[in-house]
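K.L.:
Can you keep this structure in mind? I'll have questions shortly.
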Amino acid sequence: MKRISRRDFLRGSAAGAVTLAFGGLMNMPVSASEETRTIKIGTWYDHFYDSTNTDIYDDPSVSDEELAQAHFDIVAEVEETYNVKIEFVNLTWSGVQESINTSVLAGTPDCDIYEVDLSFGIPAALNGFATNLEEVLPADADILSTEMVFSPVDIGVDNGVYLFGSNSGESVYYNTYMLAYNKQILDAAGLESPNDLYERGEWTWDKWREYMIALTQDTDGDGVIDQYGYGSRYDFLIYLMLMSNGTGIAMSENENLSSAEVTEVLDFIYNMYNVDNVAVPWDADDFDSNMNNYMDGNVAFWIDAAWISSQNEDYALDFDVTWVQFPIGPSGNAETNATKNVSSGNAWMIPTGADDPEFIYNVFETWQNWYHGDIELRDGDLTWWEDCAITEENLEVMANVGEKGGFDLWNALSLEWDWTALLDGTMTAAQFQETWKQSVQDALDAFYGG
């Protein structure tokens with residue numbers, strides 16, 4: 001089967017980054033008019049299909065004609081059922097935010113639905129820009145009951161449903177990041193499989209540190225380290241280390257950067273880069289190069305994801321890429337640790353002030369049910385995810401990582417973090433905490449409208 005990029009995969013699905021799930025019964029209109037209404041959906045990249053499309057090949061990324069036809073045909077059904085037209089409008093990333101901040105604030109939303117990244121969708125919801133679906137939908141609506149089509153998105157408060165995403169066979173894989181390792185490097189050093197250690201409850205930060213120290217080497221004897229224990233982006237590392245230690249920086253209205261558990265995280269990262277020197281030195285001039293260091297085969301551990309694997313064609317590398325769950329920190333617990341940050345990713349919202357939000361919701365839910373309740377059709381093709389995972393074992397690790405979500409807003413606070421100060425040793429963990437804790441609290445106050 002033709003391999004496709006993550007972006008093409010998402011664009012080729014009817015719901016983009018939030019491909020939808022089962023739509024049990026087709027909802028009937030709660031309001032109707034002889035005049036055809038256009039349901040306008042604001043996004044930041046092209047989505048398919050809507051009422052402007054005349055052929056499945058309007059989507060240039062079509063690879064499965066049967067599935068594309070099902071996505072295409074649902075539009076006509078929705079048009080007839082509700083007397084509507086559906087129109088996706090690519091506002092661009094910044095344009096979505098601008099439209100929300102201007103038109104919704106003015107009480108006249110440009111769009112009936114917006115696709116939002118949680119970095120700006122959550123504060124929009126918290127500050128009254130999104131409709132509380134609990135107030136406009138009946139109790140038996142899918143999102144408030146079975147959640148077979150939509151699921152509420154956690155925004156850190158318990159007083160309503162403002163943002164919604166999808167439930168599907170693939171949704172467990174969304175926004176998952178795994179610790180990856182070069183199997184040949186570990187085998188050559190005679191080190192036991194981290195997955196075996198994890199199964200026995202022995203895959204801890206201390207054990208990982210032992211491995212990274214052992215695998216950081218000058219392999220050609222020229223006095224220069226040419227094989228490192230670790231290399232990847234710092235933001236991935238921070239997310240996973242925080243969760244593996246059972247903590248976070250911005251999990252509620254109160255900052256947690258200054259906590260003892262976060263100190264353990266920051267100390268470990270500081271030591272990786274400045275004491276043990278097991279991490280590839282941070283390249284501040286080329287952000288993505290840090291993510292791709294592993295591709296030369298000289299990095300033992302890195303952080304991988306389906307989209308990284310696809311982008312870098314991990315399946316074509318000349319060494320075996322193996323995924324393992326992140327090691328457990330001293331304050332963490334394998335049973336209770338979150339393993340996927342649910343405060344990142346995409347969602348939909350119906351803006352405050354939208355005309356008849358229940359009607360909008362019902363139209364959109366029906367449109368998402370392009371498979372007419374056939375769960376096997378919806379979930380039958382996970383080829384892209386399987387290709388990205390490369391092996392069944394990796395796919396299982398990714399599924400396990402996707403099972404336990406945690407909420408931490410640290411990277412959505414619009415702060416100009418200076419993490420390089422920790423990576424290059426300019427600041428210790430304690431200095432970093434003291435420098436940034438008030439900024440985090442101030443940002444949270446603004447985020448939550450305090």
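The values are calculated or read from the model by the stated rules, or taken from the named source; none is laboratory data. Because the structure is predicted, anything quoted here is derived from the model rather than measured. Here the Cβ is made from the backbone with ideal geometry for all residues, glycine too, and neighbour counts use every protein chain on show. Please note that ligands, DNA and RNA were not included when accessible areas were found on the heavy atoms of the full protein model with its side chains. Shrake-Rupley method; radii C 1.70, N 1.55, O 1.52, S 1.80 Å.
K.L.:
Spot the failing condition for L237; the list is (1) open to solvent by 10 Å² or more (accessible area, probe 1.4 Å); (2) closer than 27 Å to Y173 by Cβ, and only one is missed.
P.N.:
Condition not satisfied by L237: (1).
K.L.:
Further question on the same structure: Considering each residue of the stretch 181-192, count those that are free of Cβ contacts under 8 Å to residues at least 40 places away in the same chain and either basic (K, R) or assigned to a loop (DSSP other than H, G, I, E, B) (or both), and give that number.
P.N.:
Of the residues in the stretch 181-192, 4 are free of Cβ contacts under 8 Å to residues at least 40 places away in the same chain and either basic (K, R) or assigned to a loop (DSSP other than H, G, I, E, B) (or both).
For every residue, the table says whether it meets (1) open to solvent by 40 Å² or more (accessible area, probe 1.4 Å); (2) out of contact with any helix residue (DSSP H, G or I) (no Cβ under 8 Å at 6 or more places or on another chain); (3) in contact (Cβ under 8 Å) with a residue 24 or more places away in the chain; (4) under 18 Å from A412 (Cα atoms).
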site	(1), (2), (3), (4)
A106	yes, yes, no, no
C111	no, no, yes, no
Y114	no, no, yes, no
G121	no, yes, yes, yes
D142	no, no, yes, no
M148	yes, no, yes, no
I155	no, no, yes, yes
V161	no, no, yes, no
S168	no, no, yes, no
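K.L.:
Considering only residues that are part of a loop (DSSP other than H, G, I, E, B), over 25 Å from Q97 (Cα atoms) and out of contact with any helix residue (DSSP H, G or I) (no Cβ under 7 Å at 6 or more places or on another chain), which ones fall in the stretch 425-450?
P.N.:
Listed by number, the list holds a single entry, T426.
K.L.:
Can you confirm whether the stretch 379-388 contains a residue that is among the aromatic types (F, W, Y) and under 29 Å from H71 (Cβ atoms)?
P.N.:
So in the stretch 379-388, the residues among the aromatic types (F, W, Y) come out as 384-385.
If we keep only those that are under 29 Å from H71 (Cβ atoms) too, we end up with 384-385.
Yes; the residues of the stretch 379-388 include at least one that is among the aromatic types (F, W, Y) and under 29 Å from H71 (Cβ atoms).
K.L.:
Those residues that are outside any loop (DSSP other than H, G, I, E, B), more than 19 Å from the chain's Cα centre (by Cα) and touching a residue at least 12 places away in the same chain (Cβ under 8 Å), I need them from the stretch 384-402; list them, please.
P.N.:
Taking the stretch 384-402 first, the residues outside any loop (DSSP other than H, G, I, E, B) are 384-389, 392-401.
The next check asks that each one be more than 19 Å from the chain's Cα centre (by Cα); those that pass are 392-393.
E393 - this is the single residue of the stretch 384-402 that is outside any loop (DSSP other than H, G, I, E, B), more than 19 Å from the chain's Cα centre (by Cα) and touching a residue at least 12 places away in the same chain (Cβ under 8 Å).
K.L.:
In this structure, does S331 turn out to be at negative phi, of a type in the set (G, A, S), surrounded by fewer than 23 Cβ atoms within 10 Å (Cβ to Cβ) and modelled with pLDDT of 95 or more?
P.N.:
Working: at negative phi: yes; of a type in the set (G, A, S): yes; surrounded by fewer than 23 Cβ atoms within 10 Å (Cβ to Cβ): yes; modelled with pLDDT of 95 or more: yes.
It is true that S331 is at negative phi, of a type in the set (G, A, S), surrounded by fewer than 23 Cβ atoms within 10 Å (Cβ to Cβ) and modelled with pLDDT of 95 or more.
K.L.:
If I ask for residues that are part of a loop (DSSP other than H, G, I, E, B) and under 24 Å from the mean Cα position of the chain (by Cα), which ones from the stretch 414-424 would you list?
P.N.:
Hits for the stretch 414-424 are S414, L415, E416, W417, D418, W419.
K.L.:
If you check T81, T52, which single one turns out to be in contact (Cβ under 8 Å) with a residue 40 or more places away in the chain and of a type in the set (V, I, T)?
P.N.:
T81
K.L.:
Still on this structure, please answer the following. Checking the condition modelled with pLDDT under 95, surrounded by 15 or more Cβ atoms within 10 Å (Cβ to Cβ), among the aliphatic types (A, V, I, L, M) and out of contact with any Cys (no Cβ under 9 Å at 6 or more places or on another chain), which residue from V363, V324, V342 passes?
P.N.:
V342
K.L.:
Within the stretch 162-180, can you find the residues that are under 30 Å from G373 (Cβ atoms) and not in a loop (DSSP other than H, G, I, E, B)?
P.N.:
Across the stretch 162-180, the qualifying residues are F164, G165, S166, S171, V172, Y173.
K.L.:
If I ask for residues that are farther than 30 Å from Q69 by Cβ and not polar (S, T, N, Q), which ones from the stretch 344-357 would you list?
P.N.:
If the condition is that a residue be farther than 30 Å from Q69 by Cβ and not polar (S, T, N, Q), then P351, G353, A354, D355, D356, P357 are the ones that fit.
K.L.:
Every residue in the stretch 278-297 that is open to solvent by 30 Å² or more (accessible area, probe 1.4 Å) and in contact with a helix residue (DSSP H, G or I) (Cβ under 9 Å, 6 or more places away or on another chain), please.
P.N.:
Passing the criteria: P281, W282, D283, A284, N292, M295.
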